[in-house]
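Q: Structure provided below as structure tokens; questions to follow.
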Amino acid sequence: MFVLPIIGYTFWVIYEFIPLYKQKLWHDFWVNAVLGISSFTIAMLLSLGVEVPSPEGPIRELIISIFGK
Amino acid sequence: MKKTRIPLLALMILIISTVTTGCWNYREVDKMSIVAGVAVDKGQKDKFQITVEIIQVSAGKDTNMTSKTITMEGKTMFDAARNIISISGKRLYWSHAKVIILSKEIASQGVTEVIEWYNRDSETREDVRILISKGTSAKEVFAGQGSTDDIKSFVLEEMIKNQVSLSKAPMMDILKFNIESKTQGISTIIPTVNLLKKDGKMYPQIMGTAIIKNDKLVGFLDGEETKDLTFIRDEVKGGVLIEEMQANDVHTLVSLEIFKNKTKVTPVSDDQDIEINLNIDTTVAIDEINSSETIFNEEGRRELEESAENTLKERIESLIKKIQSEYNADIFGFGAKLRENDAQVWNDVGNNWDEVFKDLKVNVQTAVHIKNSAMLSKSSKEGD
Amino acid sequence: MQKEQLSDKEAIFLIIVFVIGSSLITGVGGEADNDAWIAVVVGLIMVMPMILVFSRILSLFQGKDLFDILTLTLGKRISKIVAIMYIWYAFHLGALVLRNFGEFINIVAMPETPMFVPLFCLGLLCIVAVRLGIEVMGRTTAYFLPILFLIIVIVQLLAIPQLHLNYLKPILGSGLIPVLKGGFSALSFPFAETVLFIGVFGSLKTKKSPFKVYYWGILISALIIIITTIRNLAVLGNMRDSFYFPSYAAVGSIKIGNFIERIEVSVAFIFVFGVFIKSSICLLVACKGIGKMFNLKDYRSIVIQTGLLMIYLSYIIYDNSMMMKYWAFKVYPFYAFPFQVIIPITIWIFAEYKARKNKMNCFSSKCP
Amino acid sequence: MIKRIKKRNLETTTKSMEKNHSENSGLNKSLDDNISLFKNIFKNDETLIIRGFQNKRLQSAQCCIFYLDGMVNAEIINENIIQPVLSNDLSENIESNNLLEELKKKVIVSNNVTLETEVNKMVSSIINGDTLFLLEGYDKALIISSKGGETRPITEPTSSRIIRGPREGFTESIMLNLSLVRRKIKNPEFKVKFKEIGERTHTKTCICYIEGLALEGILNELELRLDKIEIDGIIDSGYIQELIKDAPYSPFETIGSSERPDVIAAKLLEGRIALFVDGSPFVLTVPYLVVENFQSNEDYYNNYIFSSMNRLIRGFTAVTSITIPAIFLSLVTYHQEMLPTPLLLSISSSRQGVPFPTVVSLFIMLFIFDMLREAGTRMPSSVGQAVNIVGTLVLGQAAVEARLVSAPVIIVTALTGIMTLINMNFISATIIFRTFLLIGASFLGIYGFLMCIIILYLHLMSIRSFGVPYMMNVTRAKDHDGQDAWIRAPWWAMTLRPKIIAANDLVRQSSRLGKEK
């Protein structure tokens, strides 16, 4: 299964990421790189069956600690 | 470049969805067994024994549909339902099931645990009709010979639907059953089915009511009583009232066809004293007379109306008495009505409604209006 | 590139679809049992002052969107922090809505299909839409909403034989407290979520009054929600709360004759489109926010990655659907309260102050 | 790689063009030199006829004419050029020091004669069917209009048949086509602008519009896009249609084409701009909106109720021909609970023993239908019967009886096919999106179908035709645009022209408009 995200992200790199580099839009390029790498990491983790922790738990705890039950 | 990306994205969606999605829920109609109806009995080894009626479609120039039944046991309903696959080979498809029949035994253990799965599962539907088999075990209903069609469940469903012109059995599907059993101050009812022996053949017949109190079957009402019950519940859509008249030493039987009925239940409460006022307003038509024409004049008609009113009132009062004394189950929904109209009072008495219901005073008022006399303006029989 | 424009009508339609989108099917004001429809009315009344605040902010800074306004009012440092919070809120809300849809498909229609598949497909749809821009979304909505209205009205009419209005009684049987609670959750669940439109209405064409747009959008959608809530209550009675998706169950029980039955799919149509628009708007706001924060030339270049992240977040956010219901009714109203009420009011106060000062400094009110 | 080849080709063509230019800088005074010059230009072209002759009295009047055989009307040349020059007594009343002028003024009988000095223009006029007249001792030439030759007579177009309405259709000759439209719009505001496109073919095109109705912006945009075209040749207007189209990847047409002068005249009157291309009987119009796919010229000639009904049928079938296979597939394979029980049972019985899954058989049958359609359009009419028999008997009945395909699939295919044929100008979009929706439905049932529908509409909404939103009329029911979209309002109600297209002058019937208010 982990092949699929690799193929998908390759597509993205070719058709969207590299043109950014060529157009020399450095802001866009770096923001995109950060977002892309993080989303690629999550995609790989998910496809390899690693359980990614949900941010929902901490938020719930925070809300409960502020407002009470 | 921007314009090329959109079709590219669409293409990517296509490719990725092609590769990643197998067709998990893709199923061909011929690869599944369509369930027409279910019967639930008490099992011998396990708790539930369920029998499904499966439609068998045979191919060929003229297709004909037959049904077969499969019986299986299981610890829970779902268990039993899945166990059937081991015999049928195909997956069962529940969305088109029309009836679910419970046996007397299983119903007296508790109805909710039987239909809970049926209610929860996404493939099963809430509009399935629920029946209780009175005389025999539930699966024998499927074994009985149908009079018209080959698939018994469909026949049963048709029968339930057409009951409205008879009013001898209530209408009940799973959704309504659930709502009623969750509502405070009403005990729910389920129509009953039994096998009628005729010319050596067994015909299923839907008539009468099963009373469910606190989720358990406690008793039955026969067809006539059911009609009175539907009067109180304001569920009458049709049916026949038979009126005996003893006028001028002539014994007359008049059949009145019910056209319209409106029942008004008004709880009256002052302090601790709760009374129920029951106003029944029925419009009927004379459909059959086997006597002279005395009833066609003003006086006779009034007499007939009055007599019908009295009979109806008597019968309803006796039914209420019977229910109060024998079963003490509020199948009329008086409590629910009280709760709807006066939540304050209900909060006071709701907890021990059973006690209150037992001695609840019900004032019955009936009114019968004769609309017409069908196609004939006179009695067919000439006066003597 | 020419500036995208949104007409009044399209903006109102977007708000309507945004509000009814997911709330129509998950149900609103669950705490109030059979008074849920009153709870919606209460929520509607509660949201009215908030609409005033939102539209006042928008009309003080015409043609600017949320993130511009933040920098203009709160100064550079604090605005960055608030902007991050709003980006997170939009992003998170989008993921929640997507997840809602995933649960719907998984529970109702396709239990065997892994949830990731519908999430992913719908997420890609949102990415396409956001890349095409708000104008295309507005026009698509203007095309689809009449169809949605038609479906809603027809379904409503068909449901009439199934209605038992006595299920609505007793009105206010268990007192006012549950209704107020329900009203609070109705405020936070569909209505005040429209705070995100501050981030979109920078491209509103007629600069007359954003209030009118907000007002009509929310009023019409509230009307639809009230009517459908009454229908659901009158069909399902006290079972309404037991269903995750009461509208679906209620419409499923419609039966006219022997052939108009089993028309649940009409509800699915509304749901798919509503969820699509709602999460697209969320994604759009999140992307615009990120774009503004890092001074990007165009937000479009980051849409794909943000959208993918949103899909992944929606996939990992809950373990099961029980948690979803708990979160939606117990945690979410408190979680969303700062974003929907506290911060907008703060911005409004600051904005009002800034506007006064500007007026004193220069004569024309058009001074930036 | 391809790019490089393109570049090289481009270089060579421009070079050769330049070379031509430098060579043909001007004419000589010597006639023989000039003849050899033209012989050289038209080397290896045997249709070039060179005829030299002399006036019988004036010996110095040696002249020569050039024309292309087949492009000219020989009668004109014989009777109006050669005969007067030959037989007139030129020496009598003509000053010989300005013979060419005199010839033009007094001798040559022709409606259109111009004096020309540039060789390039001479060449192009020869190509266009005019005659070039050279005289010994002059470095100028006369171009005498002599266009003619065999062209197709005006007939009723076969691409769209009507019951009521004008029976004329465009031909391949651009001037004839223009005159056909001009005869309908007799107004000096009818403007015509010529342009030559195609580096090798020099195809004449012309932009037509009505001044005061057509929007400047759209006109400028059209000219800009035409100027951008760099192509060696234009054979049909279809070339230009694709070259200047918005949303080039979309299967939807954003430029209209018609073979009928009445349609073009009506569109011009709505403020649209027409583009005639020489050699093509199809005239293009811009901007083109999605509703125009459902409009037929006959709608405007028939009773409005009948026309509205027909138009609704066209719209309905366009939608259903795209969606029906996908809806059928998702109901049968994913959402069986949505089907009424008797229908489910009959579908189930017809599927007994069929080996292929429904989705596969649907794809195959739809593909077969498209093959039959293609065979039907390409084949000679004499074998039409055979295709019909194969289509109906073999593929329909036999496939069902042999249980290769289930009967409902055949029914759905046939239905889709008929509906597709109703909207022929929609056909590429229909086929592509039908397949797209079918794939969506086969993966996620009705939900996949809905998502694909949303994509389809997002796409439609994002298209513009020359700045006008493609779906404009569809979404605006209350404006006057809506009167002519899904329905055709009666003529007395259509007081205004379409809003965005003819924004300059909206009022169509001013007196009616007053009454309405």
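The values are calculated or read from the model by the stated rules, or taken from the named source; none is laboratory data. Keep in mind that what you see is a predicted model, and the values were worked out from it rather than measured. Glycine gets a Cβ as well: all are built from the backbone with ideal geometry, and neighbour counts include every protein chain shown. Ligands, DNA and RNA are excluded from the accessible area calculation, which covers all protein heavy atoms including side chains. Shrake-Rupley method; radii C 1.70, N 1.55, O 1.52, S 1.80 Å.
Q: Cut-off 10 angstrom, C-alpha nodes, Gaussian network model of chain B. Which of B:174, B:242, B:331 fluctuates the most?
A: B:242
Q: Still on this structure, please answer the following. Nearest 20 debye, what's the magnitude of the dipole of chain D about its Cα centre given +1 on Lys and Arg Cβ and -1 on Asp and Glu Cβ?
A: 1400 debye
Q: Moving on. Residue by residue through segment D:152-162, what is 3J(HN,Hα) from phi via Karplus (6.51 cos²θ - 1.76 cosθ + 1.60, θ = phi - 60°)? Round to whole Hz and write x for glycine and proline.
A: 5, x, 5, 10, 6, x, 8, 6, 9, 9, 9
Q: Moving to a separate point now. Could you tell me which helices of chain B pass both thresholds, a Cα extent of 24 Å or more along their own axis and a mean Kyte-Doolittle hydropathy of at least 0.5, with helices taken as whole DSSP H runs?
A: Helices passing the filter in chain B: B:2-20.
Q: Here's something else I'd like to know. If you count only protein heavy atoms and use a 1.4 Å probe, how large is the accessible surface of residue D:309, to the nearest 10 Å²?
A: We get 100 Å² for residue D:309.
Q: Please compute the volume of the convex hull spanned by the alpha-carbon atoms of segment D:284-391 and report it per residue in Å³.
A: Cα-based convex hull of segment D:284-391, divided per residue, equals 208 Å³.
Q: Any idea how far apart residue D:374 and residue A:15 come out in nm if each label point goes 7 Å out from Cα toward Cβ?
A: So the label points at residue D:374 and residue A:15 sit 2.5 nm apart.
Q: Could you state the angle between the C-alpha long axis of helix C:116-132 and the longest principal axis of the C-alpha atoms of chain C, as a value from 0 to 90 degrees rounded to the nearest 10?
A: Once rounded, one gets 40 degrees.
Q: Return the FRET efficiency for the residue pair residue D:224, residue B:122: r is the Cβ-Cβ distance, R0 is 60 Å, and the value is rounded to the nearest 0.05.
A: Working from the Cβ atoms, E equals 0.55.
Q: Quick check: convex hull of the Cα atoms in chain D, volume per residue, rounded to a whole Å³?
A: Once divided by residue count, the hull of chain D is 210 Å³.
Q: Amide H to amide H, which residues 5 or more places from residue B:172 or on other chains are under 5 Å from it, using H placed in the peptide plane?
A: B:130
Q: Next question. May I ask you to list the trypsin sites (Lys or Arg not before Pro) in segment B:179-252 that are in a DSSP loop and have at most 11 other Cβ atoms within 10 Å of their Cβ?
A: none
Q: Counting each pair of different Cα atoms once, what's the Kirkwood radius of segment B:29-221 in Å, rounded to one decimal?
A: Result for segment B:29-221, one decimal place: 16.8 Å.
Q: Another one. Taking each residue of C:269-282 in turn, how many C-beta atoms of other protein chains fall within 10 Å of its C-beta, and what is the average?
A: Mean shielding by partner chains, rounded to a whole number: 2.
Q: Quick check: pseudo-label points 7 Å beyond the Cα along Cα→Cβ at residue C:88 and residue D:32, how many nm apart are they?
A: 9.8 nm
Q: Further, regarding this structure: Looking only at other chains, what is the average number of their beta-carbon atoms within 10 angstrom of each beta-carbon in C:329-335?
A: Counting Cβ atoms of other protein chains within 10 Å of each residue's Cβ and averaging gives 4.
Q: For segment C:61-163, max minus min Cα coordinate along each principal axis, in Å, sorted largest first?
A: 58, 34, 30
Q: Give the distance, in whole Å, between the Cα centre of segment B:183-214 and the Cα centre of segment D:235-302.
A: First find each Cα centre; the distance between them is then 71 Å.
Q: Averaged over its residues, how many other protein chain Cβ atoms are within 10 Å of peptide C:134-143's Cβ atoms?
A: Per residue, the average neighbour count from other chains is 5.
Q: Mind listing the long-range amide H neighbours of residue B:288? Cut-off is under 5 Å, sequence gap 5 or more, other chains count too, H placed in the peptide plane at 1.01 Å from N.
A: Those lying under 5 Å, H to H, from residue B:288 are B:255.
Q: From the phi angles alone, apply the Karplus equation (6.51, -1.76, 1.60; θ = phi - 60°) to segment D:82-88 and give each ³J(HN,Hα) in whole Hz, x where the residue is Gly or Pro.
A: 5, 4, x, 5, 5, 8, 5
Q: Scan segment B:64-137 for trypsin sites (Lys or Arg not before Pro) in coil per DSSP, keeping those whose Cβ has at most 11 other Cβ atoms within 10 Å, and list them by number.
A: Listed in order of number, the matching sites amount to none.
Q: While we're here: Round to the nearest 10 and give me the degree value, 0 to 90, for the angle of helix C:343-361's Cα axis relative to the longest principal axis of chain C.
A: Helix C:343-361 and the main axis of chain C meet at about 30 degrees.
Q: Here's another thing I want to ask about it. On C-alpha positions alone, give me the angle between the axis of helix C:36-60 and the longest principal axis of chain C, in degrees, nearest 10.
A: 20 degrees
Q: Rg to Rh ratio, chain C, alpha-carbon atoms and Kirkwood radius?
A: 0.98
Q: Mind listing the long-range amide H neighbours of residue D:128? Cut-off is under 5 Å, sequence gap 5 or more, other chains count too, H placed in the peptide plane at 1.01 Å from N.
A: Under 5 Å from the amide H of residue D:128: no residue qualifies.
Q: Determine the share of chain D's accessible area contributed by carbon and sulfur atoms, expressed in whole percent, with a 1.4 angstrom probe.
A: Summing carbon and sulfur atoms, their accessible area is 56 percent of the total for chain D.
Q: Relative to the Cα centre, what is the charge dipole magnitude of chain B, using +1 at the beta carbon of each Lys and Arg, -1 at the beta carbon of each Asp and Glu, and rounding to the nearest 20 debye?
A: Computed charge dipole of chain B: roughly 2700 debye.
Q: Pick out which of B:260, B:313, B:45 has the largest mean-square fluctuation in a Gaussian network model of chain B, springs linking Cα atoms closer than 10 Å.
A: Maximum fluctuation in the GNM of chain B, among the listed residues, is at B:45.
Q: Follow-up. Using the C-alpha gyration tensor of segment C:227-368, what are the square roots of 5 times its eigenvalues, in whole angstrom, with the largest one first?
A: In descending order, the three semi-axes are 42, 21, 18 Å.
Q: Give me the base-10 log of I(q)/I(0) for the protein assembly as shown at each q in 0.07 Å⁻¹, Debye formula, one uniform scatterer per Cα, rounded to two decimals.
A: Log10 I(q)/I(0), no solvent term: -0.93.
Q: What Kirkwood Rh does segment D:210-322 have if only Cα atoms enter the pairwise 1/r average? Answer in Å.
A: By the Kirkwood definition, the hydrodynamic radius is 15.5 Å.
Q: Can I ask one more? What length, rounded to one decimal in nm, is gained on full extension from residue D:74 through to residue D:385, with 0.36 nm per residue of separation minus their alpha-carbon distance?
A: Going from the current span to full extension adds 107.4 nm.
Q: Could you give the distance between the Cα centres of segment C:216-266 and segment B:317-338, to the whole Å?
A: So the separation of the two Cα centres works out to 32 Å.
Q: Round to a whole number: what % of the accessible area of segment C:8-355 belongs to carbon and sulfur, probe 1.4 Å?
A: Ligands and nucleic acids excluded, carbon and sulfur give 72 percent.
Q: Sticking with this structure for a sec: Could you go through segment C:227-240 in sequence order and give the Karplus-derived ³J(HN,Hα) for each residue, using 6.51 cos²θ - 1.76 cosθ + 1.60 with θ = phi - 60°, rounded to whole Hz, and x for Gly and Pro?
A: 4, 5, 5, 4, 4, 4, 5, 6, 8, 9, x, 6, 7, 3
Q: Per 10 Å bin, what is the whole-percent P(r) computed from every C-alpha pair distance within chain B?
A: 5, 19, 23, 21, 16, 9, 4, 2, 1, 0, 0
Q: Filter the cross-link list B:176/B:216; B:104/B:337; D:29/D:204; B:45/B:176; B:45/B:75; B:42/B:197 down to pairs whose alpha-carbon distance in this structure exceeds 20 Å.
A: B:104/B:337; D:29/D:204; B:45/B:176; B:42/B:197
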